[in-house]
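The values are calculated or read from the model by the stated rules, or taken from the named source; none is laboratory data. None of these values were measured; they are calculated from a predicted model. Every residue, glycine as well, gets a Cβ built from its backbone with ideal geometry; the counts of neighbours run over all protein chains shown. Each accessible area value is taken on the protein alone, full model and side chains, heavy atoms only, with ligands, DNA and RNA left out. Shrake-Rupley method; radii C 1.70, N 1.55, O 1.52, S 1.80 Å.
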Amino acid sequence: MDNYKNNASLISSEAHVNTGCGHECDAAVLKADTLPEAENHPWWKGDFKIPRVLSEFIVQIDSESKIRLNEPAYEIKRIEKQIFLTQCRYIPPTNKVFLEGYIRKNIEYAARTCSKGRGIAGVIKDTTVHVPFKAYTKVDFFGCKPQIIPNPPALVARYFDEKRMGKDIREADRSNIEIFNEPVYCELEWSAVYDADIDDKGRPIDGFLNEEEFQEFTDKSVIYLCIKLLQKQQVCWPGHPTPYKEEPQKMPYPMDTQWKTPVVDAEEKK
C-alpha cells in the first residue's frame, strides 16, 4: 500500500470534465432575461359556465323512399327502425336549424323457396337499409338566446409619403381581432317513426289467391324528433354581487361586434 501512495503525483491544477467524447463540455447559458410584469384587466361575466337550454322543440319530417330487397319476398314479417342524426346546425343570427340524418331499417321478410298445392314454404331473411332525410325548421328562443359575437372587420391605417402625394407603401398600421364563441349544439331527446309499406309491383303466385311476390316497395314515413338546443354560457348566481366595479367603458373590448338582424325577421315579427 505504501508503494502506491508514493507513486501518486499532481499532473495539472486545471479542472477538466470528462465527456467521453475526447473534448471539453460545451454546455452554457446562452441568454437569460427577466420579464417585466404584464397588466391584466378583470373580465367577470358570471360565476359558472354551464350548458344552457336555448330551445326545445318537436319537429315533424315526412319522408318517402323506394326500397329494393336483396331477393323477392312474399311477406314482410317485421321492420325495426332507429333514427340517427348526422347534422343539427343552427345558423346565426337567424332562427333556423338545419337537420340531416337517416332511418336505419332492418327488414325481415319471407323469401319463397317452393310452393305446391295449398302451401308456400320459405326462409326468413333480412335486409338493412339507411333511408336519408333532411329538412330545416324555425325555432323559438324562450328567455335565453345564443351568445355569438362575430369578428369585426380588419382595419388598415395608411400614411402620406414624404412628398404628401400618395400613400407610403413601406408603412401601415393594422388591427385584426378574433373572437371565439361556444358552439350551439343539439341533443336528440327522443324520436318516433310511423310508416306505411306499399307493394305496388307484386307478381301473383300461381295457384294462390291474394298471394304475390315483390322485390321493391314504397316506404312512406312520418318522423317526429324531440330536439334540445344548447350552448355553454357563463351565468351569474342569483343575488351574487358583482366583484368588479370597473366601468365598462374602461374595459378593453372589440368594437362593432353586433349581428345585423336580417330584414326578413323584422317583417315576420310584424
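Only one entry of Ile227, Ile223, Ile198 meets the criterion of being more than 22 Å from Gly119 (Cβ to Cβ), touching a Cys at 6+ places or on another chain (Cβ under 6 Å) and at pLDDT 85 or above, and that entry is Ile227.
Taking Leu85, is it touching a Ser or Thr at 6+ places or on another chain (Cβ under 8 Å) and open to solvent by less than 60 Å² (accessible area, probe 1.4 Å)? In short, no. When restricted to residues that are in a strand (DSSP E or B) and touching a Phe, Trp or Tyr at 6+ places or on another chain (Cβ under 6 Å), region 199-225 contains 2.
Hey, any hits in region 25-45 for a residue that's part of a loop (DSSP other than H, G, I, E, B), modelled with pLDDT under 95, open to solvent by less than 100 Å² (accessible area, probe 1.4 Å) and closer than 30 Å to Tyr194 by Cβ? Looking for residues that are part of a loop (DSSP other than H, G, I, E, B), modelled with pLDDT under 95, open to solvent by less than 100 Å² (accessible area, probe 1.4 Å) and closer than 30 Å to Tyr194 by Cβ, one finds none in region 25-45, hence no.
Note on region 150-179: among residues that are part of a strand (DSSP E or B) and among the β-branched types (Val, Ile, Thr), the one that is least open to solvent (accessible area, probe 1.4 Å) is Val156.
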